[in-house]
1. What 222 nm value per residue comes from the helices of the chain, counting each DSSP H run with n ≥ 4 as -39,500 (n - 2.57) and dividing by all residues, nearest 500 deg cm²/dmol?
2. Suppose R0 equals 30 Å. What FRET efficiency, 1/(1 + (r/R0)^6) with r the Cβ-Cβ distance, do ALA81 and ASP13 give to the nearest 0.05?
3. Among all helices in the chain defined by DSSP H, which have a length of 18 Å or more along the axis from Cα atoms plus a Kyte-Doolittle mean of at least -1.0?
4. Mind telling me which of VAL16, VAL94, VAL29 comes out most flexible in a GNM of the chain, alpha-carbon contacts under 10 Å?
5. Of the beta bridges DSSP finds with both residues in the chain, what % are antiparallel, to the nearest 5?
6. Which residues in the stretch 1-40 place their backbone N less than 16 Å from a point set 7 Å from the Cα of LYS74 along the Cα-to-Cβ direction?
7. For the chain, modelled as a GNM with alpha-carbon contacts under 10 angstrom, which of GLU64, GLU32, GLU85 fluctuates the most?
Amino acid sequence: MKIGVSAKSGSLDAEVEPRFGRCAYFLIVDSETMHFEAFSNPATELGGGAGPRTVQEFQQRGAEVVLTGQVGPKAQQALEASGLEVVAGVSGKVRAAVEKYLESKQTA
């Protein structure tokens with residue numbers, strides 16, 4: 001599974017970015033290997049519509065779930081329409097957030 005995470009920098013040791021649409025980076029993490037790719041978020045400079053544009057970026061890169069801090073109303077609508085699972089209220093390091101998410105799926 002590919003897990004998308006909004007991040008403050010392009011590392012598994014980065015902090016999860018609390019802002020979804022205007023996150024500086026996002027990571028796509030392979031849940032089986034923890035191999036990841038980091039991308040600068042091109043939507044950070046948009047005057048409006050950053051959330052929906054960020055949803056498109058996650059989709060284009062194959063994310064199935066997104067871990068983030070907060071999601072604005074436009075981004076929430078775009079996420080619901082996209083079919084991506086979103087987990088908001090996430091904080092801490094990216095690696096720990098992914099591991100916690102995976103643990104929650106094993107116990108569910």
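1. Working: 3 runs with 35 residues, N = 108.
Calculated at 222 nm, the ellipticity per residue is -10000 deg cm²/dmol.
2. Details: r = 33 Å, r/R0 = 1.08.
Result of the calculation: an efficiency of 0.40.
3. Details: long enough: 94-107 (20 Å, -0.70).
Helices meeting the span and hydropathy rule in the chain are 94-107.
4. VAL29
5. Numbers: 13 of 20 bridges.
The antiparallel proportion sits near 65 percent.
6. Residues passing the 16 Å test: 19-23.
7. With Cα springs under 10 Å in the chain, the top fluctuation among GLU64, GLU32, GLU85 is at GLU32.
Every number here is computed from the coordinates shown, using simple stated rules; none is lab data. From a predicted model like this one, the values you see are computed outputs, not experimental measurements. Quick reminder, even Gly has a Cβ in these numbers, built from the backbone with ideal geometry, and neighbours come from all protein chains shown.
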